[in-house]
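Only the coordinates and a few stated rules stand behind these numbers; no lab work does. Note that the structure is predicted; figures quoted are calculated from it, not measured. FYI the Cβ positions are ideal-geometry reconstructions off the backbone, even for glycines, and counts take in every protein chain you see.
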Amino acid sequence: ATCTIPGLVVTPATCSGVTGCADASASAAACDCPDNEFKSNITDTCTACPSGQTKPPSPSRPLVSFAAETMWQGFLNTCEVDSSQAKVDPVPIIAGCGGGLLMLLLGFIAYKLIARYRQAVADSQAYGAWLETQVDNALANVNKLGFCVCFLPLSALKSAGRLPAHEELRNTGLLRMLDTYEQVIAFIEQHPTVFFSHQWLARTEPDPNDRHLNAMLRAAEALCDKEGVDSDHLYCWIDYACIPQANAVMKAQSIATIALYASVCRYFVAVCPTLQNEGDLFDVDTYQRRGWCRLEQWVTGPSLLA
């Protein structure tokens, strides 16, 4: 390594006795690398510090240090991390934390949606299994009278002006109640009977505003005209009127016998006019999606739509 003294190139062991060496301190300072550069052991030249590092100002050195090459290198090869630029930028950290929280939130939402979907599937499967059992039981009981068969005269239905509940009709003696299968067969041979199948328009009552009732009455009149039946002699089967509503056990027994009720009647009418109730649409399509409505059709064959 050499140092340049203005006008001269000397070995840094000593500059004693060299002309122009009076400014020895300046010559010694000139032998050091500039700020932010260090002496490369590969090229033996001053090289810029790596990115993000700096070389602190070199300390003052005595001239005798030039006699020791290792000390000279030690002074020069001293790049350090720049503490002024080593500060952590809070924006990426905040962004990183925000992104992590967002991913956690999205993951939680996805977990809840999947859990709710799986529960809905399980509920649907459970309901489907229950409904299948109910239908199987009803079909198995198609020739078994689990509960008495009840018929309501069309004339009584007209006089009521609404769909009355089973208990009301029973207590007033308006229902014709048959206790055995043999009684049922004998009755239908002597009297025209019609099974009215319909979809309830509300959860707690079948026919708010009597719109299905009116459709039933129109259908009954059309049926009598077409078949030449005396309307005063026509008997009707309607779920709300002919199935017990107050006693849960009796209600279940009667529902289990629906297939028989539908199969023994001479006529079958599906009541499914297009209308709305509390914002819900009811029509032929919604009627056909009801399991009980399909069962009632299966056991009867061709039907009249009202």
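How do 184-192, 148-156 rank on mean C-beta neighbours within 10 Å, highest first?
The most tightly packed comes first, giving 148-156, 184-192.
Give the lysines reachable from residue 39 as a straight Cα distance under 21 Å; neighbours fewer than 8 places away on the same chain don't count.
55
What does the convex hull of the alpha-carbon atoms of the stretch 232-301 project to on average, in nm²?
Computing the convex hull of the Cα atoms and averaging its projections yields 6.2 nm².
If r is the Cβ-Cβ distance from residue 111 to residue 222 and R0 is 45 Å, what FRET efficiency results, to the nearest 0.05?
Between residue 111 and residue 222 the formula returns 0.20.
Between residue 294 and residue 209, what FRET efficiency follows from the Cβ-Cβ distance if R0 is 35 Å, with the result rounded to 0.05?
0.85
Hey, which lysines would be in cross-link range of residue 144, C-alpha to C-alpha under 30 Å, not counting anything within fewer than 8 residues on its own chain?
Answer for residue 144, where 30 Å is the Cα cut-off: 251, listed by chain and number.
All other residues with a Cβ under 14 Å from the Cβ of residue 149 taken together, and with Lys, Arg as +1 and Asp, Glu as -1, what is their net charge?
Working: positive: 144, 170, 176, 266; negative: 179, 182, 189, 239.
So the environment of residue 149 carries a net charge of 0.
Would you calculate the separation in nanometres between label points at residue 167 and residue 133, each defined as 7 Å from the Cα along the Cα-to-beta-carbon direction?
About 2.7 nm, to one decimal.
Kindly state, to the nearest 0.05, the FRET efficiency for residue 120 paired with residue 250, given R0 = 41 Å and r defined as their beta-carbon distance.
0.80
Any idea how far apart residue 286 and residue 48 come out in nm if each label point goes 7 Å out from Cα toward Cβ?
7.8 nm
Tally Lys and Arg at +1 and Asp and Glu at -1 over the other residues with C-beta under 15 Å from the C-beta of residue 272: what net charge comes out? If you can, show how the numbers build up before the last one.
Values: positive: 211, 218, 289, 290, 294; negative: 207, 239, 280, 283, 285, 296.
Result for the local shell: -1.
With Cβ to Cβ distances under 13 Å as the rule, what net charge do the other residues near residue 187 carry (K, R +1; D, E -1)?
Here the count lands on -1.
Taking a point 7 angstrom from the Cα of residue 231 along the C-beta vector, which residues in the stretch 199-225 have backbone N less than 14 Å away?
Only 214-225 fall inside the zone, counting backbone N under 14 Å.
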